[in-house]
Each structure stands twice: as C-alpha cells, then as structure tokens.
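This report refers to the structure that appears directly beneath it.
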C-alpha cells in the first residue's frame, strides 16, 4: 500500500509527532543493535505479536464466556461482568507504576518479567474457586498488560525504518486482532465444551511459549542510563497527554459497553444459539486485523485526522447496532465494521500518546493501554448497569454511542489546543526570523 501524502492543516500531527517519535527511535536504537538483519527483526516481531496474542485472548475471552463464568462462580451475568472490570483496573494500575519503576530496565528483561507475571495470573484465574478469588486473579493478570505493549512498541520502533513508526507499532498490536480472530473463538469454544477454566489454562500455556520466544528472539539490550522516573513523570504535566488519555478512557468505553455483553446479545436479541457466539467473536477479530493494519498507515499519514474519522465512524456504528442486533447478517456486518474503526482508533491513540509524551516514552507507550482498560472497566460497568436496570441487551450499544460521542468531544478540545499551540509556534518562529 502506498503511503498517503502528508497533510499540513490544523489536524495534521505527522510533522509534530515525527520529531518526538524519531527521538524515541534514536534513543531506543542505541540500546538495540542498530544493524539488525531482516530475519532477526521478523523473529523479534513474531515474539512480540505472540505476547500480544496471549494478552488479547485473556482480555476478550471473558466476555465470550460470561454466562459460563457466572454459572461457575454462582453469580448473575452483570456481577460476573465485574471480573472484566477487575482485569481492566489491573491494567490501569500496572501501566504507569511498572513503566515508571522500570524506566531504566533492559527491555528484553522487562518483557520476560512481565510475561511471567501475566502467565501466573492466568493460571491463578483458572483455579479460582469463587467470585472473590477470581476478581483478585484477574486484577493480577492485568498488571503487566500496558507495560508489555509499551515496551514492545518501543522495541518495534527501534527496529523500524525511518517514517514507518506507525506501521511498526501496528505490527506489534496485531497480536490482539489475531487473538480475536483465532484465539478468542477457540478459547470460547473450549470454555463452553470443557469449562471456562480451560480458556485461562490455554492462555497460561501461550504465556510460557511467549517467554521462550522473547528469550531467544528479542535482541538483548542494556539498561537506559539516561532515563529515570522523573523524566517519565514529566509526561503528566502535558495537557495533551491528559486529553489523549481522556479520549481513550471515555470514547473507547463505547466499544466495551457493547462488546462486553456480546454473548447474551447474540442469544437474547439476535436469537441465535450459543454456538454462534464464536462466529461473532471471529467477525470482530477479523475487523480488528483490517483496522489495525489500516490504522498504521493512517497514523503515518496524519494521527489526528485518523482519530477524528474513525471516532465518528465508531460512534455511528454503535448507535446502529442497537437496531441491527436483531438480525443475524446485519449484526455480524455491524460488529465487523465497529471493530475496523476500533482497530484503527487504537493505533492512532497509541501514536498520539507516544508523540505528546516527549521524553517519557516508556510511560507514553504504556498509558494508552491504561486508558483503554479504564474504558474497558467503564464500558462493562455502565453496560451491565443498564442491563440490570431492565433495559435489555440492545441498550449497552446506545450507552456505547454516548461514550464514544463524549470521547469525540474531548478529541475536539485536543484539536483546538493543538491548533492554538501550532499557531503560537508559527508566530514565534516568524518573530525570531
């Protein structure tokens, strides 16, 4: 695919983001062998994608197995949905804390440690006997999520050719849509056939395989002596960092409000048997692959334009799903289209945060996943609340459309701030000239 021409109006972030991203790239390249051959790069990327695959399965399979989990821990579906929120809260807590504490750590060592903790958390989930212990295990499983993707994104950028940072990050992020296409439907089927615990055991096994792949294939790095917790914390002084985090935390909650309850929506609204749930999950995962690849190209073109376009599309489709959910084929197509916009939005948010975080590259790369999992917790909570209030399983997608609209409103504020800052910079340059 040919890279689109760069735009240069108030919405373009290509030029601004390139400077920050290049800084992250050059710094990271100092700690990774600069002359890595194509085979080394491919194998390293495969290891990082596998880690994302494992994380994607455990994040989304709970949604597909919610009725089985609820029955297994003797709770109703909305209460069992709190386990989705527990994982998300783990991500929100773990991403900033681990990223700040591990600022100087060698990236390969951190990736290994994070995946080991993740594997243990999923094994604990599989043996959890009740609601309380499962909540704790899911929280523990979520702790490494954001920091892993943050570290993985930086490693990918360090290995990428100049001008292809967005596509490098999108490649690493393919683990999540691959999980939704293959891992989540298979794990959902396993959970339905052999008990919900089997899905978490499968994730733990994938985690062990990922540890081995990272150990062998990801280039060894030295500790970054120039980075410390003070530089990482400096990111929180940026208005644009907070605005971007809010866009993800609120706007992305729209998708999770709908998707967290996709299993009962398929059976109760669409009127299909449980065997159709993996089909809907497959459709969502396929759309995520398309959207993630598309998002990488769009981010290399214009980050803010990509966010605006995909945010508007996602909002409209979430509203439409409240109607199309009653028919099988229209429901499948709507879920697919929502996931395309979702995948592209994730990449745009990831690149946006990495560009506005400045020198706090570890924190910026990880905090996107913290905000998205806050969205996960928010969406699942609000979606479950409206179902518990008696509004039925069409209602969560309308809640989702409202959250996505709120995210777009915050994005609009971010655009206005960006335009003001760009105008100030141009005026300053002209005055100095």
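The values are calculated or read from the model by the stated rules, or taken from the named source; none is laboratory data. No experiment lies behind these values; they were computed from the predicted model shown. Neighbour counts are summed over all protein chains in view; Cβ atoms, including those assigned to glycine, are modelled from backbone coordinates with ideal geometry.
Numbers for the structure displayed
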quantity	calculated
Unmet criterion (only one of (1) closer than 13 Å to residue 62 by Cα; (2) crowded, with 18+ Cβ neighbours inside 10 Å) for residue 195	(2)
Flag for residue 253 being closer than 25 Å to residue 405 by Cβ and surrounded by 24 or more Cβ atoms within 10 Å (Cβ to Cβ)	yes
Qualifying residues in the stretch 293-305 (those that are at pLDDT below 90 and under 16 Å from the mean Cα position of the chain (by Cα)) - the one farthest from residue 165 (Cα to Cα)	293
Filter result for residue 257 (at pLDDT 90 or above, within 19 Å of the chain's Cα centre (by Cα), within 21 Å of residue 330 (Cβ to Cβ) and assigned to a helix (DSSP H, G or I))	yes
Residue check for residue 134: touching a residue at least 60 places away in the same chain (Cβ under 8 Å), closer than 22 Å to residue 253 by Cβ and over 19 Å from the mean Cα position of the chain (by Cα)	no
Residue match in the stretch 382-390 (condition: out of contact with any strand residue (DSSP E or B) (no Cβ under 6 Å at 6 or more places or on another chain) and within 22 Å of residue 346 (Cβ to Cβ))	yes
Qualifying residues in the stretch 64-77 (those that are in a helix (DSSP H, G or I), touching a residue at least 60 places away in the same chain (Cβ under 8 Å) and surrounded by fewer than 24 Cβ atoms within 10 Å (Cβ to Cβ)) - the one farthest from the chain's Cα centre (by Cα)	72
